Structures are given as C-alpha cells and as structure tokens.
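A.B. asks: Structure below; questions to follow.
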Amino acid sequence: MVGASIQRATCNGGSARRFVLNNAHDLVNQAADKCGDVKDKATGDGARLQLWSCGGTSNQKWRKG
C-alpha cells in the first residue's frame, strides 16, 4: 500500500518484513513491490519512513554502513 508507514517489528520471516537493497541503492519490499521512502524528503532526526512506488528519487536511496 503506497504511503504505509514502515515500523520496527520483531522478525518473523514473513515477506512483508523483508527488504532487499538492490544495486541501484533502493530498499525494496518485494511483497509490496514498493521502496522504502523518507516521507516528504525530510532530513532531520525522527523523519518518518513509508512504502512508496519506486521512483529513483534521493529520498529512496540507501546505503549500508
């Protein structure tokens, strides 16, 4: 669902809780076919995360580390 909040939860192995960091640096939830997205392109502490259609925008780019 587009705009659904991403929340911390205990891992249970379900596909809804699995994300893959692809070669384009998108964090993709394959069950929803949506990307992890920083809501409203916020940059400060406490920014909210949501699922959103993958668009390659800067607020959808992630890195390990």
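A.B. asks: Which trypsin sites (Lys or Arg not before Pro) in the chain sit in a loop by DSSP (not H, G, I, E or B) and have at most 10 other Cβ atoms within 10 Å of their own Cβ?
C.D. replies: On the way: sites: Arg8, Arg17, Arg18, Lys34, Lys39, Lys41, Arg48, Lys61, Arg63, Lys64; in loops: Arg8, Arg18, Arg48, Arg63, Lys64.
Those satisfying the criteria are Arg8, Arg63, Lys64.
A.B. asks: How much FRET efficiency would the formula 1/(1 + (r/R0)^6) give for Ala16 and Thr43, where r is the Cβ-Cβ distance and R0 is 25 Å, rounded to 0.05? Could the numbers behind the result be given before it?
C.D. replies: Values: r = 27 Å, r/R0 = 1.09.
That gives a FRET efficiency of 0.35.
A.B. asks: Once you charge only the Cβ atoms, +1 for Lys and Arg and -1 for Asp and Glu, what is the size of the charge dipole of the chain about its Cα centre, to the nearest 20 debye?
C.D. replies: Numbers: 10 positive and 5 negative charges, 34 e Å.
Once rounded to the nearest 20, the dipole reads 160 debye.
A.B. asks: Would you please state which residues of the stretch 4-18 a label at Thr57 would reach in this model, taking the label point 7 Å out along Cα→Cβ and a backbone N cut-off of under 14 Å?
C.D. replies: What the label zone holds, given the 14 Å backbone N cut-off, is 4.
A.B. asks: In addition: Would you mind calculating the gained length between Ala32 and Lys64 on full extension (0.36 nm times residue separation, minus the Cα-Cα distance), in nm to one decimal?
C.D. replies: Values: separation 32, 0.36 × 32 = 11.52 nm, distance 2.19 nm.
So the chain would gain 9.3 nm between Ala32 and Lys64.
FYI, it's all coordinate maths here, none of it is from the lab. These numbers were taken from a predicted model, which means no experiment stands behind them. Cβ coordinates were reconstructed from backbone atoms using ideal geometry, including for glycine residues, and neighbour counts include every protein chain displayed.
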